[in-house]
Amino acid sequence: MSILLVGGDRLGNIREKLIESGFKNIEHVSGRKNSDKKIKIPEKTDLVLVLVDYVGHTLTEFVKKESKRTGTKIAFSKRSWTHMEKTIQEYIKEISYARKDLI
């Protein structure tokens, strides 16, 4: 599975926790640079996770529109792993069920 994280300057141990949760491709965009304001969601991204305590409303709205345009699941979470884990587990279940339906 692949994930795009939007927000937060540094991920710390979040990258390792995501790997433990089954994500192999982990992309991160801090959202602070001007070039980050027009994020392109990479192909085959399973989930976009927006860290709401580190991004502004304008970027959040842009990511929502881009996610809808590409058909990529999107989730919103605080940067704490406890909060992220619940959100991620829900989406892992959805993604897994969707893939089983395709087989």
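The values are calculated or read from the model by the stated rules, or taken from the named source; none is laboratory data. Quick caveat: nothing in here was measured; it's all calculated off a predicted structure. Virtual Cβ from ideal backbone geometry, glycine too; neighbours counted across all protein chains shown.
Annotations for the structure displayed:
- Positions within the stretch 53-69 being surrounded by 14 or more Cβ atoms within 10 Å (Cβ to Cβ) and either charged (D, E, K, R) or modelled with pLDDT of 85 or more (or both), in sequence order: Leu59, Thr60, Phe62, Val63, Lys64, Glu66, Ser67
- Of all residues in the stretch 61-80, those satisfying the criterion of being within 13 Å of the chain's Cα centre (by Cα) and touching a residue at least 24 places away in the same chain (Cβ under 8 Å) are Val63, Glu66, Ser67, Thr72, Lys73, Ile74, Ala75, Phe76, Ser77, Lys78, Arg79.
- Note on the stretch 16-48: among residues that are among the basic types (Lys, Arg) and either at pLDDT below 90 or surrounded by fewer than 15 Cβ atoms within 10 Å (Cβ to Cβ) (or both), the one that is nearest to Thr87 (Cα to Cα) is Lys24.
- Check on Lys73, surrounded by 15 or more Cβ atoms within 10 Å (Cβ to Cβ), closer than 15 Å to Met1 by Cα and of a type outside the set (A, V, I, L, M): yes
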